[in-house]
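The values are calculated or read from the model by the stated rules, or taken from the named source; none is laboratory data. Please read these numbers as outputs of a predicted model, since none were measured by experiment. Glycine also receives a Cβ, built like all others from the backbone with ideal geometry; neighbour counts cover every protein chain displayed. Just so you know, the surface numbers come from the protein's heavy atoms only, side chains and all, with ligands and any DNA or RNA stripped out. Shrake-Rupley method; radii C 1.70, N 1.55, O 1.52, S 1.80 Å.
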Amino acid sequence: MTNSFRYLIFHKPYGVLSQFTQETPNHSTLKDYIDVPDVYPVGRLDWDSEGLLLLTNDGKLQHRLADPRFGHQRTYWVQVERIPDPDAITKLQRGVEIKDYRTRPAQVRLLTVDPPVGDRHPPIRFRKNVPTAWLEMTLTEGKNRQVRRMTAAVGFPTLRLIRVSIAHLNLDGLQLGQWRDLSASELKLLLNKSSESKTKKSQFS
């Protein structure tokens, strides 16, 4: 039964830690936005990233979704400094070396128009006479600060990072700083995907 569990998505603002306990007075935490007891993030978003964060008190589901071997797709809108050329896009798609690790192949495309996002507070640092561009990147893994390290590795530093979806879950008009419970259809599909991951894991164990 799942009726004792809660499953939420939250549109995390910039500067908010993906936890409920405060580490420094300078950062907000999830406690400033979410008043649901005993839910915890599935994975994380860095304090300087924005976008979709999934939270639950279903420990089994949380463990399955966080398993790096069966990562679900995560899609990001990434604002970078300068305009990436086709060679840089290809490298990101095929995988790049970051520290001692090579990233998995990813879906990466240069957006021809800016995505529908509001201004960030505080705003990103613009360099005069240096253009910026937006990439859409879909990964199946979530190493520490991976997207930022990937774009830096091909010469295009990340200025702003927004996660817009995890698997079939997306922000769908959820305003910055707001949260909501998953719908019945969203939850059913999430639990099905989790069961598939559990089956795959047992096959390869």
For this session: Give the residues of the stretch 140-156 that are at pLDDT 95 or above and of a type outside the set (Val, Ile, Thr), sorted by residue number.
Result: Arg148, Arg149, Met150, Ala152, Ala153, Gly155, Phe156
For this session: Report yes if some residue within the stretch 129-145 is open to solvent by 90 Å² or more (accessible area, probe 1.4 Å) and either β-branched (Val, Ile, Thr) or on the phi < 0 side of the Ramachandran plot (or both); otherwise report no.
Result: yes
Exercise. Are there any pairs with C-beta distances below 8 angstrom linking a residue in the stretch 129-144 that is within 15 Å of Ala88 (Cα to Cα) to a residue that is among the aromatic types (Phe, Trp, Tyr) and open to solvent by 40 Å² or more (accessible area, probe 1.4 Å), with the two at least 6 apart or on different chains, and if so which?
Worked result: Thr132/Phe126; Trp134/Trp77; Leu135/Trp77; Glu136/Trp77
Problem set entry | strands (runs of 3 or more DSSP E) (entirely within the stretch 19-127) containing at least 3 residues that are within 15 Å of Glu141 (Cα to Cα) | 74-81
Seminar exercise, completed: All-but-one check, Gly59 against (1) of a type outside the set (Ser, Thr, Tyr); (2) modelled with pLDDT under 95; (3) surrounded by 14 or more Cβ atoms within 10 Å (Cβ to Cβ), failing number (3)
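Residue-wise test of (1) open to solvent by 40 Å² or more (accessible area, probe 1.4 Å); (2) at pLDDT below 95; (3) in contact with a helix residue (DSSP H, G or I) (Cβ under 8 Å, 6 or more places away or on another chain).
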| site | (1), (2), (3) |
| --- | --- |
| Val117 | yes, yes, no |
| Thr158 | no, no, yes |
| Gly173 | yes, yes, no |
| Arg180 | yes, no, no |
| Thr199 | yes, yes, no |
Seminar exercise, completed: Residues in the stretch 21-53 that are in contact with a helix residue (DSSP H, G or I) (Cβ under 9 Å, 6 or more places away or on another chain) and either at positive phi or open to solvent by 50 Å² or more (accessible area, probe 1.4 Å) (or both) total 4
